[in-house]
Amino acid sequence: MAYILSFANQKGGVGKTTSAVNVAACLAHRGKRVLLIDMDPQGNTTSGVGVSKRGLKTTVYEALLGQVPVKAAIIPTRYDNLHLLPATISLAGAEFDLIDVIDRESCLKTALAPVVGNYDYVIIDCPPSLGLLTINSLTASNGAVIPMQCEYFALEGLSQLMLTIRKIKQHYNRQLEITGILLTMYNPRLNLTLQVVNELKKYYSDKLFRTPIVRNVKLSEAPSFGTPIIYHDPGSKGALAYIDVSDELIIRTSV
């Protein structure tokens with residue numbers, strides 16, 4: 001049975017999609033069977049693994065609403081062991097379409113049930129909000145990975161996200177845990193970075209991943225090629241960092 005992980009943060013621009021794509025690719029490179037789910041209407045995860053959104057007739061939107069079996073929407077990528085449940089802008093209407101659906105918070109969990117046994121990991125890239133799409137993702141998950149920048153407002157947003165996770169755990173998903181906090185766009189030369197890290201260590205030292213993701217040119221350019229960093233430039237700092245994070249994730253989840 002797959003270990004399901006949501007990469008979640010209501011703040012945009014924190015490297016959430018980059019982290020979801022690259023962790024999924026690194027896990028697949030390690031021989032794990034991985035399903036990557038794009039739950040963001042922007043569809044950047046979809047294009048990030050080289051899949052064109054044009055012409056996609058079945059996506060996570062149709063699977064979420066029960067219009068097609070999820071298996072019909074899953075497609076292979078050009079990378080071994082990595083499958084994708086893609087998204088397009090149509091997903092933006094899902095929150096409205098789900099308003100009158102019974103157990104609307106569990107639609108993704110229900111849709112995934114027939115296929116989770118086919119994978120070791122399911123990685124979900126959540127949208128930058130705490131709306132129904134993110135709630136669905138967290139309700140379906142075993143754990144949450146929180147990518148965050150080392151800045152003051154990120155600390156404020158983290159407390160809000162933690163509260164949301166606690167509420168989802170209480171009402172919808174008793175097994176949900178915080179798997180880890182991943183520092184992104186890390187710059188150790190900035191005093192603010194060190195201050196934020198020290199604050200995180202006070203309260204979440206057991207949740208912080210050992211390896212932060214440093215700012216890296218190759219990591220920034222890889223999405224424009226539709227290629228995860230481990231294939232775009234496997235020797236780069238970004239690739240090596242995501243390999244370390246993925247290896248630590250395997251240990252933390254015991255899969």
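The values are calculated or read from the model by the stated rules, or taken from the named source; none is laboratory data. Keep in mind that this is a model prediction, so the values were computed, not measured. Neighbour counts are summed over all protein chains in view; Cβ atoms, including those assigned to glycine, are modelled from backbone coordinates with ideal geometry.
Key figures for this structure:
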| read-out | value |
| --- | --- |
| Total residues in segment 198-207, condition outside any loop (DSSP other than H, G, I, E, B) and either under 19 Å from the mean Cα position of the chain (by Cα) or surrounded by fewer than 16 Cβ atoms within 10 Å (Cβ to Cβ) (or both) | 6 |
| Matching residues in segment 155-175 - criterion: being in contact with a helix residue (DSSP H, G or I) (Cβ under 7 Å, 6 or more places away or on another chain) and crowded, with 17+ Cβ neighbours inside 10 Å | Ile165, Ile168, Tyr172, Asn173 |
| Subset of segment 104-151 (residues that are touching a Lys or Arg at 6+ places or on another chain (Cβ under 8 Å) and not in a strand (DSSP E or B)) | Pro114, Val115, Asn118, Tyr119, Asp120, Cys126, Pro128, Leu132, Asn136, Thr139, Ala140 |
| Flag for Asp100 being under 23 Å from Asn173 (Cβ atoms) and either part of a loop (DSSP other than H, G, I, E, B) or β-branched (Val, Ile, Thr) (or both) | yes |
| Subset of segment 14-60 that is small (Gly, Ala, Ser) and touching a residue at least 60 places away in the same chain (Cβ under 8 Å) - its residue that is surrounded by the fewest Cβ atoms within 10 Å (Cβ to Cβ) | Gly50 |
| Qualifying positions in segment 1-13 - surrounded by fewer than 23 Cβ atoms within 10 Å (Cβ to Cβ) and in contact with a helix residue (DSSP H, G or I) (Cβ under 8 Å, 6 or more places away or on another chain) | Met1, Ala2, Tyr3, Gln10, Lys11 |
| Of all residues making up segment 176-193, the number that are loosely packed, with under 15 Cβ neighbours inside 10 Å and either of a type in the set (Gly, Ala, Ser) or touching a residue at least 40 places away in the same chain (Cβ under 8 Å) (or both) | 2 |
| Residue selected from segment 65-80 under the condition touching a Phe, Trp or Tyr at 6+ places or on another chain (Cβ under 9 Å) and crowded, with 16+ Cβ neighbours inside 10 Å, by the criterion nearest to Tyr231 (Cα to Cα) | Tyr79 |
| Failed item in (1) within 20 Å of the chain's Cα centre (by Cα); (2) at pLDDT below 90, with Ile181 passing the rest | (2) |
| Considering residues of segment 140-154 that are surrounded by fewer than 23 Cβ atoms within 10 Å (Cβ to Cβ) and in contact with an Asp or Glu (Cβ under 8 Å, 6 or more places away or on another chain) only, the residue farthest from Lys71 (Cα to Cα) | Gly143 |
| Leu200 vs. criteria in contact with a strand residue (DSSP E or B) (Cβ under 8 Å, 6 or more places away or on another chain) and modelled with pLDDT under 90 | yes |
| Residues satisfying the stated conditions in segment 208-255, i.e. assigned to a loop (DSSP other than H, G, I, E, B) and over 25 Å from Val196 (Cβ atoms) | Gly226, Thr227, Pro228, Asp233, Pro234, Gly235, Ser254, Val255 |
| Single match in Tyr79, Tyr61 (criterion: among the aromatic types (Phe, Trp, Tyr) and closer than 26 Å to Pro234 by Cα) | Tyr79 |
| Failed condition for Ala154, given (1) in a loop (DSSP other than H, G, I, E, B); (2) under 11 Å from Asn9 (Cα atoms); (3) more than 16 Å from the chain's Cα centre (by Cα) | (1) |
| Members of segment 82-112 found to be touching a helix residue (DSSP H, G or I) at 6+ places or on another chain (Cβ under 8 Å), of a type outside the set (A, V, I, L, M) and within 18 Å of Lys57 (Cα to Cα), listed by number | Pro86, Thr88, Ser90, Gly93 |
